[in-house]
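First comes the structure, then the notes that go with it.
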Amino acid sequence: MDTIAEIPSLVVQLMFETFGETWWDKVKEDIRKNVEANIKREEESGFTIRSEEKIDYTTFGELSQIVTGNWEAFETLFTRGQRAFQKIMTNLNQLRGPIAHCCPLAEDEIVRLELTVKDWFRIME
């Protein structure tokens, strides 16, 4: 994995390796319903559909819930444990907000983002 943007692909890969083709059934029902609503909303918008993959319709927070709710698929990757994973995902989610809404990050927040990304890769060592 080269960037944080690849987290959804990583989630799919590890869920598929652990649970097989029916891995989506392991995702909490409320997340699956939200994904279906997001897909429907996008289809009805008239814009180009972003993806054929359901995982691409999850929020960053939902990705975190998928991982922690199916920790057995991820525990060998995130060797520092579930708590470290959750802390880093929370930080990334907070930093993601201003970026997603086209707001400039303060210099301190750029440093914080760089450090959090380093933390992400560190928990996979």
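Loop-located trypsin sites (Lys or Arg not before Pro) in the stretch 14-67 (DSSP state not H, G, I, E or B) with no more than 13 neighbouring Cβ atoms inside 10 Å: Lys28, Arg50.
Bridgeable aspartates and glutamates around Lys26 (alpha carbons under 15 Å apart, same-chain partners fewer than 8 residues away excluded): Glu17, Glu62, Glu72. Magnitude of the charge dipole for the chain, about its Cα centre and with charges confined to Cβ atoms of Lys, Arg (+1) and Asp, Glu (-1), is about 380 debye.
Each value in this text was obtained by applying a stated rule to the coordinates, not by laboratory testing. Treat the numbers as computed from the prediction; the structure is a model and nothing was measured. Positions of Cβ are generated from backbone atoms using ideal geometry, with glycine treated the same way; all protein chains shown enter the neighbour counts.
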